[in-house]
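Bear in mind these aren't lab numbers, they're just calculated from the coordinates by the rules spelled out. Predicted, not measured: the structure shown is a model, and the values here were computed from it. No Cβ is skipped: glycine too gets one built from the backbone with ideal geometry, and neighbour counts run over all protein chains shown.
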Amino acid sequence: MKLAKVLLSNGERHIAIVEENTVQLLDLSQVDSCHNLSDILYAPDPIGLSKFLVDTELPPVPFSQLEFLAPLDQQEVWAAGVTYKRSQVARMEESEAAASHYDQVYTADRPELFFKATPNRVCGPNQPVRVRYDSQWSVPEPELALVVSPDLRLVGYTVGNDMSARDIEGENPLYLPQAKFYKQCCGLGPCILLHQEPLPREATKITLVIERSGEEVFQGETSIGEMARDLEDLISWLGKENEFPSGAILLTGTGIVPPDEFSLEDRDIVSIDISGIGTLINPIVKGAAP
Ligand code: DO4
Ligand code: MG
């Protein structure tokens with residue numbers, strides 16, 4: 001089952017179950033303790049609760065009559081890095097001085113984890129994600145995103161875009177927060193696939209397509225089978241000596257890096273598809289220097 005936050009043409013915001021081409025709106029007022037998406041996600045039985053909350057008075061709403069919003073409430077967004085061989089190689093090439101750090105972290109017991117975004121820096125589907133005006137070499141990073149409850153349970157999956165300024169990151173690893181964390185630095189959505197079974201690793205494909213002026217300028221594909229880390233292990237590292245009262249979203253690293261000569265431009269369109277979960281599409285905005 002997939003859940004989403006949607007905005008209707010009359011301005012109303014709802015939580016909904018996502019079906020083929022329609023959504024079924026939920027009526028949260030039926031359960032006293034249920035006020036937002038997180039209350040459903042972190043419930044003992046999110047699927048049972050969602051079915052119970054279906055507003056039977058309302059017909060399904062076609063996708064054409066709504067917008068999908070970023071599927072989070074107050075969660076912090078964190079990210080793992082260098083979890084795929086492709087990412088390790090790309091970082092070592094972009095940063096000669098720090099190459100050995102990337103090499104070591106790929107095989108180390110402790111993963112690279114960094115703070116990625118607060119909810120106000122997260123863009124939902126079709127909202128522009130940003131390239132910093134002071135970066136001349138930026139890429140999208142298409143990543144499986146895990147939805148983690150306050151008690152560190154994996155409760156769902158969504159599609160994430162860890163926007164990255166490779167020139168800033170490559171100049172000095174101490175610049176990582178500036179390369180990764182800025183306004184509109186993260187895309188998430190369109191919906192959350194509730195966790196039931198572990199995802200099939202080889203069959204869960206991640207595809208990135210970048211279009212410029214209507215032409216495809218990059219296409220790449222990987223699968224989460226290429227990831228060198230276990231999802232539950234990443235969550236357990238995230239939870240060490242930390243607390244997430246609102247839960248967390250954890251991006252799991254990129255396995256697709258465009259060639260070095262590629263950089264995003266203003267008005268490019270980035271599409272990230274993860275099989276079984278959904279397709280996240282965002283235009284790129286790059287502001288002029290002030
Ligand atoms: O170490 C830099 C960031 C790595 C990253 O974001 C990734 O591998 O996805
Ligand atoms: Mg990344």
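Only lysine pairs 8 or more places apart or on separate chains count here, and in the chain those with Cα atoms under 12 Å apart total 4.
Evaluated at q = 0.11 Å⁻¹, a Debye calculation over the C-alpha positions of the range 123-254 (equal weights, vacuum) places log10 I(q)/I(0) at -0.44.
Could you give the alpha-carbon Rg of the range 49-129 over 2.2 N^0.38 Å, rounded to two decimals? Mind showing how you got there, number by number?
Details: Rg = 20.0 Å, N = 81, 2.2 N^0.38 = 11.7 Å.
Output field value: 1.71.
Here the 3J(HN,Hα) profile of the range 113-130, calculated from phi with Karplus coefficients 6.51, -1.76 and 1.60 at θ = phi - 60°, is 10, 9, 6, 9, 6, 8, x, 6, 9, 9, 9, x, x, 6, 8, x, 9, 10 Hz, Gly and Pro shown as x. Both the radius of gyration and Dmax for the range 2-69 are 11.3, 33 Å, in that order, over alpha-carbon atoms.
Normalised by the residues of the chain, what does the relative contact order come to in percent, with Cα pairs under 8 Å and at least six apart?
Numbers: 703 pairs, mean separation 67.4, N = 290.
Relative contact order, the chain: 23 percent.
Semi-axes of the equivalent ellipsoid for the chain, computed as √(5λ) from the eigenvalues of its C-alpha gyration tensor and ordered from largest down, come to 32, 22, 16 Å. Dividing the convex hull volume of the alpha-carbon atoms in the range 185-290 by its residue count gives 164 Å³ per residue.
Arrange V18, V82 by Cβ neighbour counts within 10 Å, fewest through most, would you? Could the numbers behind the result be given before it?
Working: V18 21, V82 26.
With the fewest neighbours first, V18, V82 line up as V18, V82.
At a 10 Å Cβ-Cβ cut-off, how would you order H195, H35, fewest neighbours first? Please list the in-between numbers first.
On the way: H195 18, H35 13.
In order of increasing Cβ crowding within 10 Å: H35, H195.
The HN-Hα couplings worked out from phi for the range 134-143 by the Karplus form 6.51 cos²θ - 1.76 cosθ + 1.60 (θ = phi - 60°) are 9, 10, 9, 9, 10, 9, x, 10, x, 9 Hz, whole numbers, x standing for Gly and Pro.
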